[in-house]
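S.K.: What follows is a structure written as C-alpha cells; I'll ask about it next.
Here, each number is a calculation from the coordinates, and none is a lab measurement. Everything quoted here is computed from the prediction, not taken from an experiment. Here the Cβ positions follow ideal geometry from the backbone for every residue, glycine too, while neighbour counts run over all protein chains shown.
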Amino acid sequence: MSALLTVTCAVPAAGAVLTAALPAGSTEARRSTTKAVALGVSAVTLVLAAVVATRFDPHGARYQLTESYSWIRSFGITFSLGVDGIGAVLALLTAVLVPVVMLASWHDADPAPVAPDGTFENRRRTQGFFALILAVEAMVIVSFYATDVFLFYVFFEAMLIPMYFLIGGFGDRAGGPEAARQRSYAAVKFLLYNLLGGLVMLAAVIGLYVIAQDQGLGTFDLQTLTSAIADGKLQLTGTAEKALFLGFFFAFAVKAPLWPLHTWLPNAMGEATAGTAVLITAVVDKVGTFAMLRFCLGLFPDASKTFAPAILVLSVIGIIYGALLAVGQKDIKRLVAYASISHFGFIIMGIFALTSQGQSGATLYMVNHGISTAAWMLVAGFLISRRGSRLIADYGGVQKVAPVLAGTFLVGGLATLSLPGLAPFVSEFLVLVGTFTRYPAIGIVATFGIVLAALYALLLYQRTMTGPVKAEVSTMPDLKVRELAVVAPLVALTILLGVYPKPLTDLVNPSVNATLSQVHETDPAPAHPVAATSGGEQK
Amino acid sequence: MNSLIPLLVAAPLAGAALLLLGGRALDRFGHWLATALAALSFGFGLALFSDMLGREAEHRAITKHLFSWIPVNGFQADISFRLDQLSMTFVLLITGVGTLIHLYSVGYMAHDERRRRFFAYLNLFLAAMLLLVVADNYLLLYFGWEGVGLASYLLIGFWQHKPSAATAAKKAFIVNRVGDMGLSIAIMLMFVEFGSFSFEPILGSAGTVGGAAQASEGKLTAIGLMLLLAACGKSAQVPLQSWLGDAMEGPTPVSALIHAATMVTAGVYLITRSSAIFDLAPDAQTAVVVVGAVTLLFGAIVGCAKDDIKKALAGSTMSQIGYMVLAAGLGPIGYAFAIMHLVTHGFFKAGLFLGAGSVMHGMNDEVDMRHYGGLRKHMPVTFVTFGLGYLAIIGFPGLSGFFSKDKIIEAAFAKGGTEGWILGLCALVGAAVTAFYMTRVMLLTFFGEKRWQPDADGNAPHPHESPKTMTIPMVLLAFGSVFAGGLFAYNGSFLTWLEPVTGHSEGDSPLAPLVVTLLTTACMLAGVAVSYLMYGRSAVPVVPPVGSPLTRAARRDLLQDDFNHAVLVRPGSALTAALVYFDSRGLDGFVNGLAATIGGISGRLRRVQNGFVRSYALSMFGGTLVLVATTLLMRSV
C-alpha cells in the first residue's frame, strides 16, 4: 500500500501550517519568503497530483492507489483514499490552479500601512491568505480522493471554514467600510447556504449508516456500500432511497450551485478577490458536481434515474437564466459569476442525462470551465486592480493602451462562449449531444445557451476593451511579467485541450462507464447506425 | 499527396500564430510572410489539383486522417480530412483569391500601425475557411465554421476604437451564432440517427450509398432545415442577413475576403455538401429555394438604395448568394451551377470590392458615391478592372457572370410546374434589378460630374491610381471575371468536373435554353437602360432626395434592424432587466426571508454578522433536530 495519496493531501496541509507559522510580514522580504514557501508547496503538490494521474491505469481497477487507515472504529469510519479517473483529473486541475491563483494574487494580501509611521492594519495578512489557500487545496484534494462517505463529508464541510475567511477577509481594496460590509455579507451568505446544505447531507449520511447497520453493514466505505447496493445485500426502500438521494443532492446542488440555489455565488465571487473567486468557482464548486457523479449516482442509482428529468429541467433553467443574468450585469465579476452558473447548469445536465457522452463531457467541462474561467476571471482581476473599479461602465478602449491584456481577456471570453478549438467547446458539445440523445427538447433549449454566451462574453469585451479610450484608463499599463506567467499556461492549456483532449478522455472514459453501469444505463442506440469509416482508429 | 491536405490549413495557421506571437520584430516583413504563406497554400492546392486531375473521376476523392479528436464511447470525432472535386474547387478559390487579397492589403494597409495583426487575422481567416472545406466530418467542419466566425469578428472589428466597428463585429458573431446553433442541432440529429456525423458514412460517395438513404424523410427534413439555418447565418440569407451590411465597418480587403473567397460562400458549400440529405427531403429543399429567392430580391432592392459604395456591393453579395442558394435548393438540377456561380462571383466580387477600396484609397476614404463622379480619367486601371467586374456581374454576354447566372435561371425554370415559373421569374427580376443598381454604382462612381467633397479635416481629394500591389490583384481578378465563366461553360467542363460529387439532372424546363438566355439578356439591358435614364443623363444630387417609402425602407435595409430591435432586442432587454430584479429581490429576497424566519432573527440577514456565533449555534441546533428526526424516520421506513 503506497501512501502516495495521503502524501499528496498532506503536503498542502502541512504547507498551510508552515506558512501560517512563518514570521509576520511587516517587511517586503518576509512577505516574499511567505509567498515563495506557499508557492513552492503548491508546486510540489502539483507534481504529486500529476504523478497520481500518470500512475492511474485507465484499464485497471475502478479505484486505484487505495489506502485505508482506521479512524472511528465504533462507527466503521475509516480514512480511506483511492482515485478513479475522474478524481485524478479533478485533483490535478486543483493542483494546477492553486499555484496560478497564488501568483495572480501575489499582492492581494499585502497589509496596507494605516499610519504614516509604517504600522500595518494586520501584519499577518499575507501568512493568513496563503495558508488559507493551501488549506483549501488540501481539503479539496482529500474530497476528490476520499472513498469513505463520512471522510468525504467531513472535508466537504471543513473547506467552508477557510473559504469563509478568504471571502470575508480579503477583497478588492477600494470601497472602504461599505466594501467591508458587503464582503462580510457575502461571506456569511456563502457560509449559511453551504452549511445548510451540509447539515441536510449529514442527516442523509447518518440515515444511510443507520439503514446499512440494520442490515449488518456498519460501514461508510463507498466501495462496500456501492457493491452491496449493486448485488442486493443492502436494500433501500424506494422512499428511503429517494429521501437519502435528495439529502446528498441538496448539499451538492448548493455547492455546485444549481438554480435556484445559486444566489450566494454572485455575492461571493463579486466581493472576494479575483483569486478567491477562481478558487470558489473553479475548485471548490467542482467538489459539488464531482460528488453528484460519485455519490448520488453510485449510492442511489434508482433514485438518480427517478429524479433525473426534474434535475435536467432545473439545470437547463440554470443555463438560460444564468446567461441572461450575465447579459444584464453591470459588474465584471458578477457577470463572470452568472456565466459560471450557466456553465454549472451544463455540467449538471451532462451528469444527469445518464449517457457516456454527457458524463464524459461533464467531467471535461469541470476541468475546462476551471481553466478557462480562471483565465477570464484573473485577467478581469488584473484589469480591476488597475482601475480600482468593478463596474463595466468605468472602462472603455482598453485594447488601445493594453493590447495584451485585452487579447488575453478576449481569449478568456471566447473560451467561455465555447469557441471550437478551445477546450470548453469539446465538453460543451459532448454534454449537449449526450443530453440530446435522451432528451431532445432539453438539448435544444440548452443550445440557446450558446447564443447567449456569445452575447454576454462579447458585450463585456466590447464595453470594456473597444471604443474610444476613456481618460481614466489612458495610462493603464499592459500585463506585467508575473501576470503573463499566470495567463500564458492557462491559455496554452485551453488551446491544447481544445485540439487534443484525448489524454483526459482516456483517463475519464472508463470511470464514466463504471458510473453508468452502476446506474444500469446504456446509451440510446442510433436509429440507423452507420459504420464510422472516418474514424481513423482502425486505419 | 494526401499529406499535403493538412498543410493547406497549416500554412496560413502557422502564419497567424507567428504573427500574433512574434511581436514587433515581425512588423517589417510580417505582411510579406503572411502573403507568402497564403501563396504557399495556393501552391499546395495546385499540386493537389494536378494530382487529382491525373485520376479517374470516380477515384478523385482522397482522405487523410491525422488523429482522434474527441474519443468518447460511441462518439467519434476526428481531425481528418477529405478532398474531393467540390472541396478542391473551394480550396483553389479560397487560396487563389485569398492570396491576391493578401497582396492587395500590403498596399492598402501600408499606413496602419497594426498591419501585422491584420495579416495574422487574414491568415487565420484562410486557415479556418480551408479547414471548413477539407473537413471530412460535420464536427470538424463546425470547427472551421466557427473559426471563420472568429476571424470575421476580429477583422470586421479591426478598427476597434470605432464603436460602430466594434458593434458590427459583435453583431456579425452573434447573428452567426444563431446559425451555428442550427449546425449544432443538425449534428446532434445526425448523431442520434446515424451514430456518426462523418460525410462518407452518411452521405455516401462515388459508387456507395450513405446512411441517409435509410433515414425517414421527417428526420432528414429536420436535419436539412437545421443545416439551412446554419447556412443562412454564414451566407447572410434572410432572416439572418442583418450582419452583412454592418460588416462593411471592416477594412475593404476584409469585405473582399468575406464576400468572395470565404465566409458567405460557406453556406452554399454546406448545402451542396449535404446534397444527399437534401435530395431526400423535398420540404427542406423548398425552404432552401424560398430563402434563396427571397434573399436574391431582398439584397437587390437594398443594393438599389445604398449610396455607400461598399453597402451597395454588400446588397449585391446577398443577392448573388441568394442565386446560389436558390440553385442549390433545386437539387441535382442546380448544385453544379450554384458552385460555378460561386466561383465566378468570387472573381468579380473580389475585383469589385478591391476596386471600391482603390477608389476609397484615392478619395480620402470617402464611401458615399454621391461624392464621387468622373473618376474614370483619374483612376484608369481601377476603372477598367471595376468595369469588367461590373459587366461580369450583370451578366453581359460573354463574360463570366453571363454563363453562370444564365444557367441558374435556366435551372430555376427547369424545376418545373408553378414553382419553376415563380422561381424563374424571381431570378429574372433579380437579373434586371442587379443590372440597374450595378449600373448606378458604375455611373455614380466613374462617370458624370465631379461631386468631390473635402473630408472632415478639410482636405480636398486628389484621386490617384493605387500602387502596384493593389492594381496587380485587381487586374488578375478582372481576367477571371472575363474568362472564367466561358472556360467553365465550354463543353460543360465544370459540370463534368463536379458531377461525380453533386450528381446532375437536366430537369424539365418549359422554356428552351435560348429563350431563357434571351429573356435574361433583355432583362439585363432593361435594367441598364433604366439606370442610365435615371443617373446617366442628368446631374446626380449630392444630397440624396427623400425618395419613395420603398426607397427609404431599402436605405434602412428594408427595416431589418428595426424588426430585430422590436422583436428580439427590446423584449430581450426587458426580460433581462426583469430577471436581474427578480434574482436580487425575488429569489434572493425569498431565501433571505426564509433564512431570517428559520433563524428566528427579526432583522434582515445582514445583521447576522454582528451575532454570528449566535446564528451559528442556532443553525447547529436546527441541524441536530434534522438529524434526530431523520434517524427516527429512517428506522421506520
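S.K.: What ratio of Cα Rg to 2.2 N^0.38 Å holds for the stretch B:158-233?
M.R.: That ratio works out to 1.50.
S.K.: Another question, then. Can you give the alpha-carbon Rg of the stretch A:43-202 over 2.2 N^0.38 Å, where N counts its residues?
M.R.: 1.25
S.K.: Across peptide B:186-192, how many C-beta atoms of other chains are within 10 Å of each residue C-beta, on average?
M.R.: Whole-number average of other-chain Cβ neighbours for B:186-192 is 5.
S.K.: Right, next: I want the local charge near A:Gly358. Using Cβ-Cβ distances under 15 Å, sum +1 for each Lys or Arg and -1 for each Asp or Glu among the other residues.
M.R.: Here the charged neighbours net out to -1.
S.K.: Given Cβ point charges of +1 (Lys, Arg) and -1 (Asp, Glu) and nothing else, what value in debye, to the nearest 20, does the dipole of chain A about its Cα centre take?
M.R.: The dipole magnitude comes to about 1000 debye.
S.K.: I would also like to ask the following. Give the dimensionless ratio obtained when the Cα radius of gyration of the stretch A:447-539 is divided by 2.2 N^0.38 Å.
M.R.: Expressed relative to 2.2 N^0.38 Å, the Cα Rg reads 1.80.
S.K.: Can I ask one more? Per residue, how big is the convex hull around the C-alpha atoms of the stretch B:188-337? Give it to me in cubic angstrom, could you?
M.R.: Taking the convex hull of the Cα positions in the stretch B:188-337, it is 106 Å³ per residue.
S.K.: Once Rh is set to the Kirkwood radius over Cα pairs, what Stokes-Einstein translational diffusion coefficient, in µm²/s, holds for the stretch B:81-137 at a temperature of 20 °C and a viscosity of 1.002 mPa s?
M.R.: Diffusion coefficient, whole number: 175 µm²/s.
S.K.: In debye, nearest 20, what is the charge dipole magnitude of the stretch B:231-372 about its Cα centre with +1 on Lys and Arg Cβ and -1 on Asp and Glu Cβ, if you could check?
M.R.: 220
S.K.: Next question, about the same structure. For the Cα atoms of chain B, what angle does the longest principal axis make with the long axis of helix B:309-329, in degrees from 0 to 90, nearest 10?
M.R.: Relative to chain B, helix B:309-329 is tipped by roughly 80 degrees.
S.K.: In vacuum, with every alpha carbon of the stretch B:356-470 counted as one equal point scatterer, what does the Debye formula give for log10 I(q)/I(0) at q = 0.16, 0.17 Å⁻¹? Two decimals, please.
M.R.: -0.77, -0.83
S.K.: log10 I(q)/I(0), Debye, Cα-only the stretch A:400-467, no solvent, q = 0.18, 0.19, 0.24, 0.26 Å⁻¹?
M.R.: -0.70, -0.75, -0.99, -1.08
S.K.: Calculate the FRET efficiency for B:Ala110 and B:Ala578 from the Cβ-Cβ distance with a Förster distance of 60 Å, rounded to the nearest 0.05.
M.R.: It comes to 0.75.
S.K.: Would you kindly state how much longer the chain becomes between B:Lys450 and B:Val209 on full extension, computed as 0.36 nm times their sequence separation minus their alpha carbon distance, in nm to one decimal?
M.R.: 80.6 nm
S.K.: Separate question: As a footprinting exposure proxy, order A:His528, B:His31, A:His369, B:His462 by other Cβ within 10 Å, with the fewest listed first.
M.R.: B:His462, A:His528, B:His31, A:His369
S.K.: Equivalent ellipsoid semi-axes for chain B, as square roots of 5 times the alpha carbon gyration tensor eigenvalues: give them largest first, rounded to whole Å.
M.R.: Listed largest to smallest, the semi-axes of chain B are 47, 33, 26 Å.
S.K.: Helix B:335-362 against the longest principal axis of chain B: what's the angle in degrees, Cα atoms only, rounded to the nearest 10?
M.R.: So the helix axis and the longest Cα principal axis differ by about 80 degrees.
S.K.: Still on this structure: Would you work out if the stretch B:51-209 is rounded, prolate or oblate? Take a ≥ b ≥ c from the square roots of the eigenvalues of the alpha-carbon gyration tensor; rounded if a/c is under 1.5, else prolate when a/b is larger than b/c, oblate otherwise.
M.R.: oblate
S.K.: Would the stretch A:9-76 count as rounded, prolate or oblate if I go by the C-alpha gyration tensor, calling it rounded below 1.5 in a/c and otherwise prolate when a/b exceeds b/c, oblate otherwise?
M.R.: Oblate is the answer for the stretch A:9-76, as a/c is 1.5 or above yet b/c matches or exceeds a/b.
S.K.: Give, as a single signed number, the net charge of other residues whose beta carbon lies under 10 Å from the beta carbon of B:Ala281, with Lys and Arg counted +1 and Asp and Glu -1.
M.R.: -2
S.K.: I'd like the per residue volume of the convex hull spanned by the Cα atoms of the stretch B:435-486, given in cubic angstrom.
M.R.: Taking only Cα atoms, the stretch B:435-486 has a hull volume of 123 Å³ per residue.
S.K.: Moving on. Express in % the proportion of alpha carbon pairs of the protein assembly as shown at distances exceeding 39 Å.
M.R.: 51
S.K.: Compute the separation of the alpha-carbon centres of the stretch A:259-305 and the stretch B:537-572 and state it in Å as a whole number.
M.R.: If you average the Cα positions of each part, the centres end up 50 Å apart.
S.K.: Here is a further query. Sort B:Thr418, A:Thr408, B:Thr551 so the one with the fewest other Cβ atoms within 10 Å of its own Cβ comes first.
M.R.: The order, fewest Cβ neighbours first, is B:Thr418, B:Thr551, A:Thr408.
S.K.: Here's another thing I want to ask about it. Under 1.5 on a/c is rounded, so check that first for the stretch B:32-128, then, if it is not, pick prolate when a/b is larger than b/c and oblate when it is not; a ≥ b ≥ c are the square roots of the alpha carbon gyration tensor eigenvalues.
M.R.: Oblate, since a/c reaches 1.5 and b/c is not below a/b.
S.K.: Taking 30 Å as R0, compute the FRET efficiency from the Cβ-Cβ separation of B:Val475 and B:His59 and round it to 0.05.
M.R.: Plugging the Cβ-Cβ distance into 1/(1 + (r/R0)^6) gives 0.20.
S.K.: What is the Cα coordinate range of the stretch B:292-376 on the first, second and third principal axes, sorted by size from largest, in whole angstrom?
M.R.: Principal axes ranked by extent give 47, 23, 17 Å for the Cα atoms.
S.K.: Under the √(5λ) rule applied to the eigenvalues of the Cα gyration tensor, what semi-axes describe the equivalent ellipsoid of the stretch A:179-275? Give them in Å, descending.
M.R.: 36, 12, 11
S.K.: Further, regarding this structure: Give the residue list of trypsin sites (Lys or Arg not before Pro) in the stretch B:1-68 that are DSSP loop and have at most 15 other beta-carbon atoms within 10 angstrom.
M.R.: Hits after loop and neighbour filter: B:Arg28, B:Arg55.
S.K.: Sort B:Met129, B:Met360 by Cβ crowding within 10 Å, fewest neighbours at the top.
M.R.: Arranged by neighbour count, lowest to highest, B:Met129, B:Met360 become B:Met360, B:Met129.
S.K.: Note down the nm distance, to one decimal, between modelled labels 7 Å out along Cα→Cβ at A:Asp231 and at A:Asp214.
M.R.: 2.3
S.K.: Could you give the angle, 0 to 90 degrees to the nearest 10, between helix A:238-255's Cα long axis and the longest principal axis of the Cα atoms of chain A?
M.R.: It is inclined by approximately 10 degrees.
S.K.: With viscosity set to 1.306 mPa s and temperature to 10 °C, compute the Stokes-Einstein D of the stretch B:459-536, Rh being the Kirkwood radius across alpha carbon pairs; µm²/s, no decimals.
M.R.: Here the translational diffusion coefficient equals 92 µm²/s.
S.K.: Gain in length, A:Arg482 to A:Ala180, computed as 0.36 nm per residue apart minus the alpha-carbon separation, to one decimal in nm?
M.R.: 106.0 nm
S.K.: What FRET efficiency do you get for A:Leu496 and A:Ser2 if R0 is 30 Å and r is their Cβ-Cβ distance, rounded to the nearest 0.05?
M.R.: Result of the calculation: an efficiency of 0.50.
S.K.: Volume per residue, Å³, of the convex hull around the alpha-carbon atoms of the stretch B:125-268?
M.R.: For the stretch B:125-268, the hull spanned by Cα atoms encloses 94 Å³ per residue.
S.K.: Same structure again: With all distinct Cα pairs included, what does the Kirkwood hydrodynamic radius of chain A come out to in Å, to one decimal, could you say?
M.R.: 23.5
S.K.: Also: Which value does Rg/Rh take for the stretch A:361-404 over its C-alpha atoms, Rh per Kirkwood?
M.R.: With Rh from the inverse mean 1/r over Cα pairs, Rg/Rh is 1.13.
S.K.: In addition: Going 7 Å from the Cα of A:Ser74 in the Cα-to-Cβ direction, what parts of the stretch A:201-240 have a backbone nitrogen less than 20 Å from that spot?
M.R.: A:203, A:205-221
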